[in-house]
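The next block holds one structure in the form of structure tokens; read it before the comments.
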Amino acid sequence: MCVLQAALNISLRLALCDNQGTKRYDCNICKNLILSKFHYYQQEWVDFNDSVYYISSIKKTWNASRDDCLKKGADLMIINSEEEQVQLKDNMWIGLTDSETEGTWKWVDGTPLTTSYWMDGEPYNYDLKEEDCVEVKQHEKKNSWNDKPCDLPNFWICEKKVSL
Ligand code: 2F8
Ligand code: CA
């Protein structure tokens, strides 16, 4: 069933690609990108721009979540734009931590945090606990971030960049 859905999904996308009036060269790039994502669609990853995303159905600590993403050839999600952020669901670990230096937030690829979407009052070590890992949370119908202890179980989201 999943394979059928994925095949239908891909044929629709390829048809759309042909109908967009794009130049043949651009269209080929578009087709190749879709085909290279096909493997992930089959495994129920979802896509947005140049990445595919896996959302867990069980909960793990931040480190165990990251290990799972790495095993899948991906890593915890890095959020580069508000649009990407809108794709998210509730209570999931993302690839942001200050476990190296308290207060210095870094993405899992080593880049520093520039644009952030913290909830009001966050980041905040509630009850003087170390809260070094970041989850995305729904608050007032918006997705925003909270830091919390890395050893608590949470859902997680992996991201894999898919390029040609
Ligand atoms: O009030 C904000 C505060 O809410 C919770 O603590 C009561 C969060 N902790 C967990 O979800 C475990 C804090 O991280 C958050 O700062
Ligand atoms: Ca917090």
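The values are calculated or read from the model by the stated rules, or taken from the named source; none is laboratory data. Fair warning: this is a prediction, and the values are worked out from it, not measured in the lab. Here the Cβ is made from the backbone with ideal geometry for all residues, glycine too, and neighbour counts use every protein chain on show. Just so you know, the surface numbers come from the protein's heavy atoms only, side chains and all, with ligands and any DNA or RNA stripped out. Shrake-Rupley method; radii C 1.70, N 1.55, O 1.52, S 1.80 Å.
No other residue among 136, 86, 108 is within 16 Å of ligand 2 (Cβ to nearest atom) and under 30 Å from residue 38 (Cβ atoms) apart from 136.
Working only within region 111-132, note down all residues that are away from ligand 2 (no atom under 16 Å from the Cβ) and of a type in the set (A, V, I, L, M, F, W, C). None - no residue of region 111-132 is away from ligand 2 (no atom under 16 Å from the Cβ) and of a type in the set (A, V, I, L, M, F, W, C), so the list stays empty. Going by the structure shown, is residue 147 within 15 Å of ligand 1 (Cβ to nearest atom) and either out of contact with any helix residue (DSSP H, G or I) (no Cβ under 6 Å at 6 or more places or on another chain) or not in a loop (DSSP other than H, G, I, E, B) (or both)? Against the criterion (within 15 Å of ligand 1 (Cβ to nearest atom) and either out of contact with any helix residue (DSSP H, G or I) (no Cβ under 6 Å at 6 or more places or on another chain) or not in a loop (DSSP other than H, G, I, E, B) (or both)), residue 147 qualifies. Among the residues of region 89-118, those that are surrounded by 19 or more Cβ atoms within 10 Å (Cβ to Cβ) and among the hydrophobic types (A, V, I, L, M, F, W, C) comprise 92, 93, 94, 96, 105, 107. Residue count for region 139-151, restricted to those that are open to solvent by 70 Å² or more (accessible area, probe 1.4 Å) and within 11 Å of ligand 2 (Cβ to nearest atom): 0. The number of residues in region 89-101 being in a loop (DSSP other than H, G, I, E, B), more than 13 Å from ligand 2 (Cβ to nearest atom) and not polar (S, T, N, Q) comes to 3. Among the residues of region 49-69, at least one is away from ligand 1 (no atom under 16 Å from the Cβ) and of a type in the set (Phe, Trp, Tyr).
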